[in-house]
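Here is the structure we will look at, set down as structure tokens.
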Amino acid sequence: MLGTLEKAGQVLDLYSDERPEWGATGVAAALRIPKASAHHLLASLAEIGLLHRTANRQYRLGFKALVLSRILLRATPWREAAEQEMRTLTQEFGESVQLGSLDGNRLVCVARLGGTLPDSVHIADVGTSIPPHCSSNGKVLLAFSPSERALPVLQHQGLTRFTENTITTPDELASELARVRELGFAYDVGEYRDNFCSVGAPIRNHLGEVVASLSIATPARRFYERKAAYRTAVIRVTERISMRIGYNPTPLW
């Protein structure tokens with residue numbers, strides 16, 4: 001049973017903006033399983049609404065995924081508080097702001113606000129995921145996550161090179177995450193996209209656990225001109241969000 005669920009999860013992980021439609025042949029090749037097994041997985045996921053079979057016998061994501069996504073977002077208590085504070089950042093700087101959380105070893109965009117400046121950075125849409133090793137939000141979440149979550153990334157899982165600045169070795173990433181834990185914030189200096197930078201800081205719940213990270217993203221030119229101001233503002237806002245959802249930075253015991 002567990003093996004079947006894992007395979008079903010692997011099938012869903014194949015779907016992306018670049019490839020929103022899959023068939024049994026493609027799934028079998030991608031997961032290295034028999035075509036009959038791939039067909040069974042696709043049909044089972046379609047039966048419960050997570051996939052939808054098209055007229056040409058291919059499969060797209062079903063509307064059940066959208067329903068579950070809506071429930072998840074409404075049941076995420078820190079998202080609403082974060083979105084309210086995100087507006088203050090966008091109004092103050094005119095830059096793009098993103099709220100992220102970890103899903104396994106992927107960084108998922110939970111909320112976003114586009115910048116108001118003509119050359120504002122275009123950031124990922126809600127629900128989009130990227131590898132966490134090359135973004136400020138991802139590095140914050142890895143740095144403060146349990147070791148069993150960060151370890152696969154440190155062990156070469158997903159350390160893809162996107163630019164000349166991307167961290168691609170576990171040792172280098174481990175050193176970077178140690179700095180993030182010490183400083184309490186993380187930078188992305190053109191590590192995911194050339195000429196774009198960001199700074200992110202953690203959001204903590206009432207137990208002090210890091211549940212999300214918020215970042216402000218800017219073109220590299222403006223980032224270096226206002227780096228300290230961006231960093232200070234992001235830390236101020238994430239601390240305010242944390243306290244709004246119950247975090248106490250100075251407990252009495």
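The values are calculated or read from the model by the stated rules, or taken from the named source; none is laboratory data. Since the model is a prediction, treat every value here as computed from it, not as a measurement. Glycine also receives a Cβ, built like all others from the backbone with ideal geometry; neighbour counts cover every protein chain displayed. Heads up: the accessible areas ignore ligands, DNA and RNA and are worked out on the full protein's heavy atoms, side chains in. Shrake-Rupley method; radii C 1.70, N 1.55, O 1.52, S 1.80 Å.
Looking only at the range 112-151, filter to residues that are at pLDDT 80 or above and among the basic types (Lys, Arg); which one of those is most open to solvent (accessible area, probe 1.4 Å)?
Selected residue: Arg112.
Okay, residues lined up against (1) over 24 Å from Glu18 (Cβ atoms); (2) touching a His at 6+ places or on another chain (Cβ under 6 Å); (3) among the small types (Gly, Ala, Ser):
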site	(1), (2), (3)
Ser147	yes, no, yes
Pro152	no, no, no
Thr163	no, no, no
Tyr187	yes, no, no
Cys197	yes, no, no
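Looking at Arg221, Arg240, Arg231 in this structure, which one is touching a strand residue (DSSP E or B) at 6+ places or on another chain (Cβ under 9 Å) and open to solvent by 50 Å² or more (accessible area, probe 1.4 Å)?
Arg231
Return the residues of the range 162-181 that are open to solvent by 50 Å² or more (accessible area, probe 1.4 Å), of a type in the set (S, T, N, Q) and either within 17 Å of Ser198 (Cα to Cα) or in a loop (DSSP other than H, G, I, E, B) (or both); say none if nothing qualifies.
Asn165, Thr169, listed by residue number.
Any residue in the range 238-253 that is under 10 Å from Glu85 (Cβ atoms) sitting within a Cβ distance under 8 Å of a residue that is open to solvent by less than 100 Å² (accessible area, probe 1.4 Å) and modelled with pLDDT under 75? List the pairs, counting only those 6 or more apart or interchain.
Close Cβ pairs satisfying both conditions: Ile241/Trp78.
Residue check: is Val108 modelled with pLDDT under 90 and either loosely packed, with under 14 Cβ neighbours inside 10 Å or part of a strand (DSSP E or B) (or both)?
So Val108 fits the description; yes.
Could you figure out which of (1) assigned to a helix (DSSP H, G or I); (2) open to solvent by less than 10 Å² (accessible area, probe 1.4 Å); (3) at pLDDT 95 or above isn't true of Ile216?
Checking Ile216 against (1) assigned to a helix (DSSP H, G or I); (2) open to solvent by less than 10 Å² (accessible area, probe 1.4 Å); (3) at pLDDT 95 or above, the one that fails is (1).
Each row is one residue, and each column tells you yes or no for (1) at pLDDT below 85; (2) outside any helix (DSSP H, G or I); (3) not basic (Lys, Arg).
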{"site": "Ile33", "(1), (2), (3)": "no, yes, yes"}
{"site": "Ala36", "(1), (2), (3)": "no, no, yes"}
{"site": "Leu68", "(1), (2), (3)": "yes, no, yes"}
{"site": "Met86", "(1), (2), (3)": "no, no, yes"}
{"site": "Ser101", "(1), (2), (3)": "no, yes, yes"}
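Can Ala201 be described as part of a strand (DSSP E or B), modelled with pLDDT under 95 and not aromatic (Phe, Trp, Tyr)?
So Ala201 fails the test.
Can we say Ser145 is within 21 Å of Pro249 (Cα to Cα) and hydroxyl-bearing (Ser, Thr, Tyr)?
yes
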